[in-house]
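The values are calculated or read from the model by the stated rules, or taken from the named source; none is laboratory data. Just so we're clear, the structure is a prediction, and the values are computed from it rather than from any experiment. Ideal geometry is used to build each Cβ from the backbone, glycine not excepted, and the neighbour counts take in all protein chains shown.
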Amino acid sequence: MIGRLLAALGVACATLATPAHADTLVENVDGMTLDTEGKVIRFSGMVIGDDGRIEAILTRGASRPRDVEYQIDGKGRVVLPGLIDAHLHVMGIGFGALTLDLSDTGSLEEAQTRIAEYAAANPGRRWIIGRGWNQEKWGLGRFPTAAEIDAVVPDRPVWLERVDGHAGWANSAAMEAAGIGSGVKDPVGGRIERIGRSLRPSGIFVDAASALIERALPKPRPEDRDLALQKAQQILLRNGITAVADMGTSIEDWQSFRRAGDGGWLNLRIMAYAGGTEAMELIGGPGPSPWLYQDRLRLNGVKLYLDGALGSRGAWLKKPYADDPGNRGLALLTPAQLRNLMSRAALDKFQVAVHAIGDQANAEILAAIGELSDTYTGDRRWRIEHAQIVDTTDIALFAKHGVIASMQPVHQTSDRLMAEARLDPTRLAGAYAWKSIDARGAVLAFGSDAPVESPNPFAGLATAFTRQDSNDRPFGGWLPAERVSREAALAGFTANAAYAGYADGLFGRLLPGEQADFIFVDTDPMLATPKQVRETQVLETWVGGRRVYSKESTDKGG
């Protein structure tokens, strides 16, 4: 798979010439990377040029360069390519770390306590803003209500985004501040949950309806955004992530990325996808941006939304939800709107990435790509983000149309019980179908969707080849035929993720000519148990041949 996609790079991996002079020799490592066929190459040393790129990888026993400016002793530690998250939200991670986080709450009561404590600790904040709640995890059997926030914070507006980002929970003060009353109708592509059979809003706003509250939120200042970016970079780099695809980049986000690049503190590589065609035009103008700041930033294309999420029953299905007869979810775009937006982007060679979770949404975007591919030829690399529930009859269309399946392995473990409740067994056959998509020749790019999930890539790696959660459940794996190999899992977080963002040949593998993005870890993911893989510790993170994170220094307070 990787070989077919990347062989054009023409990088020889078996016998590598050793340069007579180089800047840095990283020696005495247990290194691994993937070759053009997706097989693991083992090496014991790397030569890094003064441009921050790999000049050679050195196998055990091969001659070493005689004249180097710097020599680094790897102390026998495992070295991997810097990991790439193919789908997350950079600023969401940063702001999530700076605001109220409910992602680890196990009950409504625990969430109420956390909300009250946060409000008491932050008396000067005009709004209480947070995210991460999940009524399914709480075992609540329903959505929470505004009254349940009012009981602990009645005097200030509170707005809390659901864990998947596809619904929000407001208190009465927030609805009052936004002018939301019984007379407000559901917007196109959204739903306001009501109390009983009345028109009175319950406090839950699904998908496009969230904008009714969000328009009243205080806007972050540029310095707030820069602080969030700094925080996000710290979190990602300490998790061994050196590059990301940022899904839904706004013009304000882009300006923060540019300030970081101009100021020399952009250490993360960001492949940006604008949040809609308007932001795409503001950021990119006539087309995708060039690579900036030594391959650290590029606007690749646009992110579009076709449906919602399973958790809020907004995913667009071919048949009604098993646990909500009559509800097929939300189509956020009509077929004509979808094709018009895709055409607008493709006309100027922007890459198109479309959020599709339900089987009807996936069928619709696959059909649209099939129609548009005859007009917009060339290396388009159409992307479907999530592709969680796909009709088995549609799976072959990913490879047929050259569609990249940008998927998040940890969603399978988080959503397993919910998916079983929402869907019947027939539809589960195409749920999180990594192996089926890969086996038919499509590209799998893996990510986390952070802050929806933890950005820890090792949890995703282990899930990809086990179909089990951190407690080894279910025994033998959920729908175990959809497991992928360890090599394919690593490719999903490295070479394939780079390919998905037009970065193949730039980074994603430790081969000559590519950026020296690598990590020292305490575990060999090809040999360790799933539990050991999940518990992998990142010891150091290097980007462009420069160390940007050290666990030892951080532990010492450095």
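Points to keep in mind about this one:
- In this entry, ALA421 passes the filter for residues that are small (Gly, Ala, Ser), surrounded by fewer than 17 Cβ atoms within 10 Å (Cβ to Cβ) and part of a helix (DSSP H, G or I).
- Enumeration of residues in the stretch 352-394 that are in a helix (DSSP H, G or I) and of a type in the set (A, V, I, L, M): ALA361, ALA363, ILE365, LEU366, ALA367, ALA368, ILE369, LEU372
- Residues (among the hydrophobic types (A, V, I, L, M, F, W, C), surrounded by fewer than 22 Cβ atoms within 10 Å (Cβ to Cβ) and touching a helix residue (DSSP H, G or I) at 6+ places or on another chain (Cβ under 7 Å)) located in the stretch 152-176: VAL152, VAL153
- Residues of the stretch 151-190 classified as more than 25 Å from ASP307 (Cα to Cα), outside any strand (DSSP E or B) and of a type outside the set (Lys, Arg), total: 16
- Scanning the stretch 463-495 for residues that are out of contact with any helix residue (DSSP H, G or I) (no Cβ under 7 Å at 6 or more places or on another chain) and of a type in the set (Gly, Ala, Ser) turns up just one, GLY476.
- Among the residues of the stretch 540-558, those that are among the charged types (D, E, K, R) and at pLDDT below 95 comprise GLU552, ASP555, LYS556.
- Pick from the stretch 366-384, criterion under 15 Å from ALA399 (Cβ atoms) and in contact with a helix residue (DSSP H, G or I) (Cβ under 9 Å, 6 or more places away or on another chain), ranking: surrounded by the fewest Cβ atoms within 10 Å (Cβ to Cβ): GLY370
- Screening ARG416 with (1) in contact (Cβ under 8 Å) with a residue 40 or more places away in the chain; (2) in contact with a Gly (Cβ under 9 Å, 6 or more places away or on another chain) gives one miss only, at (2).
- For the stretch 296-346, filtered to residues that are in a strand (DSSP E or B) and of a type in the set (Phe, Trp, Tyr), the residue that is surrounded by the fewest Cβ atoms within 10 Å (Cβ to Cβ) is TYR321.
- All positions within the stretch 368-391 that are in contact (Cβ under 8 Å) with a residue 40 or more places away in the chain and under 22 Å from the mean Cα position of the chain (by Cα): ARG381, ARG383, GLU385, HIS386, ALA387, GLN388, ILE389, VAL390
- Residue check, LEU397 modelled with pLDDT of 95 or more, under 18 Å from PRO480 (Cβ atoms) and either outside any helix (DSSP H, G or I) or over 22 Å from the mean Cα position of the chain (by Cα) (or both): no
Per-residue answers, yes or no, for (1) closer than 25 Å to VAL538 by Cα; (2) touching a strand residue (DSSP E or B) at 6+ places or on another chain (Cβ under 7 Å); (3) surrounded by 14 or more Cβ atoms within 10 Å (Cβ to Cβ); (4) at pLDDT 95 or above:
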site	(1), (2), (3), (4)
ALA178	no, no, yes, yes
GLY190	no, yes, yes, no
ILE213	no, yes, yes, yes
LEU268	yes, yes, yes, yes
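- Residue check: ALA14 meets all listed conditions (1) at pLDDT below 50; (2) assigned to a strand (DSSP E or B) but one, namely (2).
- Checking each residue in the stretch 442-469 for being in a loop (DSSP other than H, G, I, E, B) and under 13 Å from the mean Cα position of the chain (by Cα) picks out GLY447, SER448, ASP449, ALA450, PRO451, VAL452, GLU453, SER454, PRO455, ASN456.
- Any chance LEU227 is of a type outside the set (Asp, Glu), buried (at least 18 other Cβ atoms within 10 Å of the Cβ) and in contact (Cβ under 8 Å) with a residue 24 or more places away in the chain: no
- Conditions (1) within 30 Å of GLU252 (Cα to Cα); (2) at pLDDT 95 or above: number failed by ALA97: (2)
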